Amino acid sequence: MSRKDHPHTPDGRYFIARGKLDRCTNPGLADTERRRLIKKMMQARMAVRKAQDEAEMAEARAAVHEAKVALGERGPVWWDDDAPDYSGADPAQTPYADWWKTVAASS
């Protein structure tokens, strides 16, 4: 299942993967910047797979994290209404519970 196939919350902040909320990329990023950061993240993920030792693995994982923070998928939230971050939460245990019931029922 591609990321595009995952259900997205009505406010566009999260998508559901493996039954948990994952934060979406900041929609305010310019397309060229978003593409650059995604390329950087994919290269870092490749480096994780190719790592030969713990030092290389740590460096590669740090690069993945850095790219995800820049994309808005980790670190400070990209929205400005003071809503909390529910990343990693079961949607049924969040304010998205009613929405999730309808999505889960239609699956």
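A compact table of results
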quantity: Unmet requirement for Val69, which otherwise passes all of (1) in contact with a Gly (Cβ under 9 Å, 6 or more places away or on another chain); (2) crowded, with 17+ Cβ neighbours inside 10 Å; calculated: (2)
quantity: Test result for Lys4, modelled with pLDDT under 95 and either farther than 30 Å from Ala92 by Cα or among the basic types (Lys, Arg) (or both); calculated: yes
quantity: Unmet criterion (only one of (1) among the aliphatic types (A, V, I, L, M); (2) surrounded by fewer than 15 Cβ atoms within 10 Å (Cβ to Cβ); (3) part of a loop (DSSP other than H, G, I, E, B)) for Ala55; calculated: (3)
quantity: Qualifying residue in the range 60-77 (condition: modelled with pLDDT of 95 or more and over 17 Å from the mean Cα position of the chain (by Cα)); calculated: yes
quantity: Number of positions in the range 58-93 that are of a type in the set (Lys, Arg) and assigned to a helix (DSSP H, G or I); calculated: 2
quantity: Residues of the range 84-101 that turn out to be touching a residue at least 24 places away in the same chain (Cβ under 8 Å), surrounded by fewer than 14 Cβ atoms within 10 Å (Cβ to Cβ) and among the aliphatic types (A, V, I, L, M), as a count; calculated: 0
quantity: The one condition in (1) over 12 Å from the mean Cα position of the chain (by Cα); (2) buried (at least 17 other Cβ atoms within 10 Å of the Cβ) that Thr32 fails to fulfil; calculated: (2)
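The values are calculated or read from the model by the stated rules, or taken from the named source; none is laboratory data. Computed from a prediction, not measured in an experiment: that's the story for all the values here. Neighbour counts are summed over all protein chains in view; Cβ atoms, including those assigned to glycine, are modelled from backbone coordinates with ideal geometry.
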